[in-house]
Ligand SMILES: Cc1cc2nc3c(=O)[nH]c(=O)nc-3n(C[C@H](O)[C@H](O)[C@H](O)COP(=O)(O)O)c2cc1C
């Protein structure tokens, strides 16, 4: 019998810490692309000024493991879970980042808008998009 893991979605906010946040973003991007693809995790990481907001969704086991790693990462602090629920199906096809190293804040906002253009209010409400 095939076991199909249920899906889970976590949204959290946190704050970057460290003296080379830009290098951290580059490293987080590379690691996340590699891991999330393998783990079947999709969603997005928005990097605002002095804040992170991330949505990760995928097989419940993968999400539990990924969030455990993320939560003890010293590159951010003040992690606050905004939403944590089981879902029927993922809303995003892949994992993406809004606010790449070198981006201006306005670029990050534009990309965030693009990534959320087809999302329900249920998801949009966690991000600064209008
Ligand atoms: C704000 C933030 C978001 C992160 N997002 C992810 C993520 O989506 N997936 C992931 O695997 N690691 C993410 N990380 C990195 C993890 O904390 C951890 O460093 C990484 O998963 C370890 O993977 P490795 O053992 O393959 O190097 C994030 C870190 C931070 C600070």
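A search for C-beta distances below 6 Å between a residue of the range 22-46 that is in contact (Cβ under 8 Å) with a residue 60 or more places away in the chain and any residue that is assigned to a helix (DSSP H, G or I), counting only pairs 6+ apart in sequence or on different chains, returns 44/115; 46/112. Selection of first residues in the range 97-110 that are loosely packed, with under 15 Cβ neighbours inside 10 Å and of second residues that are part of a loop (DSSP other than H, G, I, E, B), restricted to Cβ pairs under 7 Å at least 6 apart or on distinct chains, gives the following pairs, ordered by first then second residue: 105/49.
Per-residue answers, yes or no, for (1) assigned to a strand (DSSP E or B); (2) within 12 Å of the ligand (Cβ to nearest atom); (3) at pLDDT 95 or above:
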position: 3; (1), (2), (3): no, no, no
position: 19; (1), (2), (3): no, no, no
position: 32; (1), (2), (3): no, yes, yes
position: 69; (1), (2), (3): no, yes, yes
position: 86; (1), (2), (3): yes, no, yes
position: 97; (1), (2), (3): yes, yes, no
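Checked against (1) farther than 24 Å from residue 130 by Cβ; (2) more than 10 Å from the ligand (Cβ to nearest atom), residue 103 passes all but condition (1).
If you go through the range 1-31 and keep only what is in contact with a helix residue (DSSP H, G or I) (Cβ under 9 Å, 6 or more places away or on another chain) and surrounded by 14 or more Cβ atoms within 10 Å (Cβ to Cβ), you end up with 7, 8, 9, 10, 11, 12, 14, 16.
In summary, residue 129 fulfils each of the numbered conditions (1) within 16 Å of the ligand (Cβ to nearest atom); (2) not in a helix (DSSP H, G or I) with the single exception of condition (1).
Among the listed residues 58, 37, 48, which satisfies the condition of being under 24 Å from residue 106 (Cβ atoms) and more than 9 Å from the ligand (Cβ to nearest atom)? Even if it seems obvious, please write down each step before you answer.
Values: 58 fails: under 24 Å from residue 106 (Cβ atoms); 37 fails: under 24 Å from residue 106 (Cβ atoms).
Going through 58, 37, 48 in turn, the sole match is 48.
The values are calculated or read from the model by the stated rules, or taken from the named source; none is laboratory data. Nothing here was measured: the structure is a model prediction, and the numbers come from that model. No Cβ is skipped: glycine too gets one built from the backbone with ideal geometry, and neighbour counts run over all protein chains shown.
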